[in-house]
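Written below as structure tokens is the structure these notes are about.
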Number of protein chains: 4
Amino acid sequence: MAGSTFGTLFRVTTWGESHGGGIGCVVDGCPAGLELSEEDIQKYLDRRKPGQSRYTTGRSEADRVRILSGVFEGKTEGTPISLLVENTDQRSKDYSNLKNLYRPGHADFGFDEKYGLRDYRGGGRSSGRETIGRVAAGAIAAKALSQLGIRLRAYVKAIGGIECDPARYDEEYLKTSPLQMPDPDADKKAREYLNGCIRDLDSSGGVIECVIDGMPAGVGEPVFDKLDALFGQALFSIGAVKAVEVGDGVLAAAARGHENNDQYAEEPETGKPVKMTNHAGGILGGMTDGSQVIVRAYFKPTPSIAREQRALGSDGHVHTMTITGRHDPVIVPRAAVVVECMCAVTVFDLLLRGMTSKMENLEKIYP
Amino acid sequence: MAGSTFGTLFRVTTWGESHGGGIGCVVDGCPAGLELSEEDIQKYLDRRKPGQSRYTTGRSEADRVRILSGVFEGKTEGTPISLLVENTDQRSKDYSNLKNLYRPGHADFGFDEKYGLRDYRGGGRSSGRETIGRVAAGAIAAKALSQLGIRLRAYVKAIGGIECDPARYDEEYLKTSPLQMPDPDADKKAREYLNGCIRDLDSSGGVIECVIDGMPAGVGEPVFDKLDALFGQALFSIGAVKAVEVGDGVLAAAARGHENNDQYAEEPETGKPVKMTNHAGGILGGMTDGSQVIVRAYFKPTPSIAREQRALGSDGHVHTMTITGRHDPVIVPRAAVVVECMCAVTVFDLLLRGMTSKMENLEKIYP
Amino acid sequence: MAGSTFGTLFRVTTWGESHGGGIGCVVDGCPAGLELSEEDIQKYLDRRKPGQSRYTTGRSEADRVRILSGVFEGKTEGTPISLLVENTDQRSKDYSNLKNLYRPGHADFGFDEKYGLRDYRGGGRSSGRETIGRVAAGAIAAKALSQLGIRLRAYVKAIGGIECDPARYDEEYLKTSPLQMPDPDADKKAREYLNGCIRDLDSSGGVIECVIDGMPAGVGEPVFDKLDALFGQALFSIGAVKAVEVGDGVLAAAARGHENNDQYAEEPETGKPVKMTNHAGGILGGMTDGSQVIVRAYFKPTPSIAREQRALGSDGHVHTMTITGRHDPVIVPRAAVVVECMCAVTVFDLLLRGMTSKMENLEKIYP
Amino acid sequence: MAGSTFGTLFRVTTWGESHGGGIGCVVDGCPAGLELSEEDIQKYLDRRKPGQSRYTTGRSEADRVRILSGVFEGKTEGTPISLLVENTDQRSKDYSNLKNLYRPGHADFGFDEKYGLRDYRGGGRSSGRETIGRVAAGAIAAKALSQLGIRLRAYVKAIGGIECDPARYDEEYLKTSPLQMPDPDADKKAREYLNGCIRDLDSSGGVIECVIDGMPAGVGEPVFDKLDALFGQALFSIGAVKAVEVGDGVLAAAARGHENNDQYAEEPETGKPVKMTNHAGGILGGMTDGSQVIVRAYFKPTPSIAREQRALGSDGHVHTMTITGRHDPVIVPRAAVVVECMCAVTVFDLLLRGMTSKMENLEKIYP
């Protein structure tokens, strides 16, 4: 599984299973001189912490992060930053009945086929806890980006079929919304919908949107490492994501050219050119065009539901199974920060790569 | 732009602009002993060739591929395969008026910002001709996959809002359909729709679906290099793709867990376990589950339209511009083979990587 | 410093400074199903532990390794193996006088120039303690290799000018030799030589040889990732290495073709072909030829000596300085296991990569 | 053989066999805005061209390079630069007798074992002609470096046992020396020595030294991607190299610390600090220290000699063979430019990587 590393220059390697000594990551390639404390990272981890509302798992973990290396006298050194969160609230017994059954909607069967064995405790490497490493790394990227005037915000765009109305976007409301929805109306309806799911021993999917402001133009490499291509990898690499879109996304495929192209106009007073629309979501040919970047990830419903299901067993037969234990009826409220952090890592890596795009940049660094 | 390489073990590096000496790629890491001729590759290139119908550009190019290295006595040697298609039908003058204007929906502005200069002839590196290298490489991957019993098929799922009905899928019809739609009804309606677009000096988007049969279970790496994550990168890296989805994709976000989970049943006669549905599109936790893999790419309408548009100029002012030259009113019929080939490259690379997943595999190779 | 990762498929990422929370590594890509315990790794770490004789530093650290992830029920899972050794014996005060002085023979000046700051405590990232991560990773690779019948042995070939005579190679003696020299005579002379160095407040360089038995032919990739090329990177990446050679190495440059070529003969009784010499050190064109692999690393003398030296200061002036603290008068006895482990990682990674060299191998894994 | 690419940001992918359509490379990641013509590259290729003296092969090839992409109006575009040299002087028949015999000192046996087949014509991928791609890429790197004030010079340091005396270094003489030796005396003796080799149907090894002036301090990444580590990979990846050393290299292992450390003094008039010696060869801890960089590669004698040799056959028996055809009695005069070019590629890639080492550099590029 040499596939636990993401990024070319800002390289994030995550490790850890839901059960075991802990979860963590190594961030190699963070530029030196960035002020960084454990608290900077903890703030992001707290946003994905379980146990925040009745809509997320009852598992309660402190999830305190330790910086083991790479920071000296409060600043990054340019050396690998090793981050560790110890696993504390482990109840292995919850999972023992899963040893010989492949849960519907989970990767259990694939693990057994690929590796010949499987850590059946809590999803092992496919556990949602793996995202702790991503969030910790993303917190660092986001802090570096903020110093360059780049700001990311991810929130829940939809749960089930209930969608936020952009016109009702309320940043203050978002701060306390347990569902991480910025539209109070949608939030209320979504809570009712989720209560129904819980009642029915069922779960719900949802959509997360991330918008990025302050991006310079030209970020992204024009062929395989387009900004949107790496968003595609970054977001699909989050468990449960089944679709990713940029700007108008799916809708663009049904549009006509004259509708979808973003045209320019000059502002009446200043004469400054402005894009009149942003169907492209700020990305053209894989590079930013200087406007707001908009990307969305579609999450399937939590596959672990308390209903009886018919599942494949390692004996080659089909069995009836019931999944017990603590599971989120909807994952998107906790996943918003994961999406934001993966976007931060993606953008920061491409910003670093973009520094070498022209000879005149070299002359600024090596005068 | 060190971003022209895709893959870890089966590595494809594309090069070339629409104008210049040619277009090509180097495929490094193809296993030795695969029978390979120029004709094997040409067949795929012919599927993306322009000039096949009134719905695609009138540019006519032979696009004959030459194998410059890596094949000896009709078989791959295990060494890099260098593939070259020379550019022949170049009319640079068509593009001279674009030097100082940034076309709406194109990457022109990003190029200038990033590199300080730009090949304004026909999109330069962002030209659709860049996909020639991808198709050539994909033809090799697809041939290798076919020897392992894996078959890929990509076709046009929708144009504008007109969608193929899976119940009317007609593989014979598809072979001659200029729009690459397997449903004759949808194909007919889409042609009418496109005639309207052409009349209106407009263009249309569309959707391409790729299905893959014969996949073993366990293909894909469980964290950042999930099969769907690399599909995400591979497909978003094709110019004009604005969304990618796997299985139910976008719809999964509005579903409930009990609807979206794929359950199993035993076949009455044989007792063989079968998945009763395939909402997952054959991928769970980033790995194949042994069933059919289904992935879709959503393409925006061709941005080059003959209508007058208001565009940013390199002088910082907004100008009215009209794009002349030869452009496809819809790109998806020619892009189907590109999607298929990028999927083939992605799958083959992950199959190679998966060979090292367990010690018992090593013992088979190094007894 | 995105350069803390080594390997393509068996990927080792080390992290940690001599002072800080600890030292460790993440090994991604180890095949599943390898039996692995902390003790397997500890045995190797103990070979590089300080405080074993008067010829190595008095720093005494337990250097106990913990496996934080990737092992389940005593076997590797195929997921990243995170290894942690906590720093325990830190006396930061020893180093405070080095804040503004660049020690001769050390990288201090380079760090300040490159990163704008520097962890001046004990060499920071350039500390010999960084090799803990390499040894821990190498222990895993070596264990996997041993299951394929491949065995590595590294020992001290020379200290100062005193060289071991291959004719006196004594494997039993080597096990207890504090200098890790397999020739008892040379070992005795080297001890006398080192006593002189210690008396003179000076230090000595030395040579480490690693021989590898049981290698199949064809390991190594023929162009940039030749086995010897990756040995070159692996061994030069160990601090203090100033030269690397394979087989006859430096001497080959003064030889003639008929002397340097290894010819074959048939064994009189069996008719089996055998190489009559091994000037090539088992590598031709970057690939193994099936015979013993021989590689050597030349280490400079420990730069930290107690003598007064004239060094550059961060104020741009030259200052007289005396380095105190605990330092090895010769590093090679402790570095032998580091060389062995870097060779193990290099070889195992290339063995994994070589599995994909031909189509018939794929058919063995995906029948 | 996914191992034909070198570099992280300035990425060179070579392709081609000695027989086939041609030889070339793709350079991805060259910054935009560098003036570049085919003549810039041709100058370097001409330095490795065969047929320049009686000491090199009689094969005569024009070896004219074509730039197929990546250059627009005389400047690099930031897109991949594809370079092609067609094979013209091919006499395949020369090699037909080698189909079933493994030449001593060549990789023939390894190829057959690894790939199950082998291009037996002229060494295939292991041919010296593979270095054409390296030289072409290196010419670009060297031109970019020269704009930053960095200059590389490689020359023959020794042939057989005959070594140049640094005190007699004559840059003018070097320009016309067919042996590429800068010391006229050594050059004369070496010619006599080579005449003896030719008479004896034998060949000679030699040593190439590359010195680099104008390097800023801090170039190189401190752990696995040290400047010397990547020199190690780069130079060992040239066929026939059996040892690589930096600065005092092999001799450092026999020195004492106080001899080997480079101390500083202040220049009497200016007070400027200067290193009094350069035993380190300009590299400490894998990073430049701002002084001259010195690296050496040791080449074995050309293995193709006209003498009768006893070789392994593909039938498992030992056969007497005589190699005919055109071969260099010594390779180092033609290899000097290859060493220089590999050093240029290595240095330029690390310079690009180093741009991201600290936050203040980002602020210069993204103000």
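The values are calculated or read from the model by the stated rules, or taken from the named source; none is laboratory data. Since the structure is predicted, the reported quantities are computational estimates derived from the model, not experimental observations. As a convention, Cβ positions derive from the backbone with ideal geometry for all residues, glycine included, and neighbour counts pool all protein chains shown.
Taking segment A:312-367 as the range and being under 18 Å from the mean Cα position of the chain (by Cα) and β-branched (Val, Ile, Thr) as the test, the residues that pass are A:Val330, A:Ile331, A:Val332, A:Val337, A:Val338, A:Val339, A:Val345, A:Thr346, A:Val347. For segment D:127-137, indicate whether the set of residues that are within 11 Å of another protein chain (Cβ to nearest Cβ), touching a Phe, Trp or Tyr at 6+ places or on another chain (Cβ under 9 Å) and exposed (fewer than 15 other Cβ atoms within 10 Å of the Cβ) is non-empty. No; the residues of segment D:127-137 include none that is within 11 Å of another protein chain (Cβ to nearest Cβ), touching a Phe, Trp or Tyr at 6+ places or on another chain (Cβ under 9 Å) and exposed (fewer than 15 other Cβ atoms within 10 Å of the Cβ). A single member of B:Gly105, B:Gly116 is in contact with a helix residue (DSSP H, G or I) (Cβ under 8 Å, 6 or more places away or on another chain), modelled with pLDDT of 95 or more, crowded, with 24+ Cβ neighbours inside 10 Å and under 24 Å from A:Val219 (Cβ atoms), and it is B:Gly105. For segment D:11-32, the set of residues classified as over 26 Å from D:His327 (Cα atoms) and either basic (Lys, Arg) or more than 7 Å from every other protein chain (Cβ to nearest Cβ) (or both) consists of D:Arg11, D:Val12, D:Val27, D:Cys30, listed by residue number. Restricting attention to segment B:156-174, the residues being in a helix (DSSP H, G or I) and closer than 29 Å to B:Lys300 by Cβ number 6. Just for segment B:191-211: of the residues that are in a helix (DSSP H, G or I) and of a type outside the set (Asp, Glu), which one is farthest from the other protein chains (Cβ to nearest Cβ)? Taking the candidates together, the pick is B:Arg191.
For segment A:277-309, the tally of residues that are free of Cβ contacts under 8 Å to residues at least 24 places away in the same chain and over 23 Å from B:Arg118 (Cβ atoms) stands at 2. Looking at C:Arg296 and the list (1) outside any loop (DSSP other than H, G, I, E, B); (2) surrounded by fewer than 24 Cβ atoms within 10 Å (Cβ to Cβ); (3) within 9 Å of chain D (Cβ to nearest Cβ), which single condition is not satisfied? Of (1) outside any loop (DSSP other than H, G, I, E, B); (2) surrounded by fewer than 24 Cβ atoms within 10 Å (Cβ to Cβ); (3) within 9 Å of chain D (Cβ to nearest Cβ), only one is false for C:Arg296: (2).
Of the residues making up segment B:212-264, those that are within 7 Å of chain A (Cβ to nearest Cβ) and acidic (Asp, Glu) are B:Glu221, B:Asp225, B:Asp228, B:Glu245, B:Asp248, B:Asp262. Put simply, of D:Arg334, D:Arg326 the only residue that is part of a loop (DSSP other than H, G, I, E, B), more than 30 Å from C:Gly205 (Cα to Cα) and touching a Lys or Arg at 6+ places or on another chain (Cβ under 6 Å) is D:Arg326. Working only within segment A:140-155, note down all residues that are out of contact with any Leu (no Cβ under 6 Å at 6 or more places or on another chain), in contact (Cβ under 8 Å) with a residue 60 or more places away in the chain and either farther than 26 Å from A:Ala243 by Cβ or in a strand (DSSP E or B) (or both). Of everything in segment A:140-155, those that are out of contact with any Leu (no Cβ under 6 Å at 6 or more places or on another chain), in contact (Cβ under 8 Å) with a residue 60 or more places away in the chain and either farther than 26 Å from A:Ala243 by Cβ or in a strand (DSSP E or B) (or both) turn out to be A:Ile140, A:Lys143, A:Gln147, A:Leu148, A:Gly149, A:Arg151, A:Leu152, A:Arg153, A:Ala154. Being more than 7 Å from every other protein chain (Cβ to nearest Cβ) and either among the basic types (Lys, Arg) or outside any strand (DSSP E or B) (or both) is the filter; apply it to segment A:299-314 and report the residue that is nearest to B:Val244 (Cα to Cα). Ranking the qualifying residues of segment A:299-314, first place goes to A:Ser304.
Scanning segment D:242-276 for residues that are under 26 Å from C:Ala229 (Cβ atoms), outside any helix (DSSP H, G or I) and either at pLDDT below 95 or aliphatic (A, V, I, L, M) (or both) returns D:Ala243, D:Val244, D:Val246.
Taking first residues from segment C:353-365 that are facing chain B (nearest Cβ under 7 Å) and partners that are among the basic types (Lys, Arg), the Cβ contacts under 6 Å between residues at least 6 apart in sequence or on separate chains come to C:Ser357/D:Lys114; C:Lys364/B:Lys364. Among all positions in segment B:284-292, there is no residue which is more than 7 Å from chain A (Cβ to nearest Cβ), in contact with a strand residue (DSSP E or B) (Cβ under 8 Å, 6 or more places away or on another chain) and not polar (S, T, N, Q). Residue pairs whose Cβ atoms lie under 9 Å apart, sitting 6 or more positions apart in sequence or on different chains, and linking a residue in segment D:70-88 that is at positive phi and more than 9 Å from chain B (Cβ to nearest Cβ) to a partner that is of a type outside the set (A, V, I, L, M, F, W, C) and in a loop (DSSP other than H, G, I, E, B), are D:Gly74/D:Ser37. If you go through segment D:254-293 and pick out every residue that is over 21 Å from C:Lys242 (Cα atoms) and surrounded by fewer than 18 Cβ atoms within 10 Å (Cβ to Cβ), you end up with 9. In this structure, is C:His319 surrounded by fewer than 24 Cβ atoms within 10 Å (Cβ to Cβ), of a type outside the set (Lys, Arg) and outside any loop (DSSP other than H, G, I, E, B)? Here the answer is yes, as C:His319 does meet what is asked.
Residues in segment C:39-76 that are small (Gly, Ala, Ser) and at pLDDT 95 or above: C:Ser69, C:Gly70, C:Gly74.
The rows are residues; the columns are (1) at pLDDT below 95; (2) in contact with a helix residue (DSSP H, G or I) (Cβ under 6 Å, 6 or more places away or on another chain).
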| position | (1), (2) |
| --- | --- |
| D:Val293 | no, no |
| D:Ile323 | yes, no |
| D:Cys341 | no, yes |
| D:Leu352 | no, no |
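Figure legend. Inter-residue proximity from segment B:313-338: first residues without any contact (Cβ under 8 Å) to a residue 12 or more places away in the chain, second residues part of a loop (DSSP other than H, G, I, E, B), beta-carbon distance below 8 Å, spacing 6+ or different chains. Indicated pairs: B:His317/A:Gly271.
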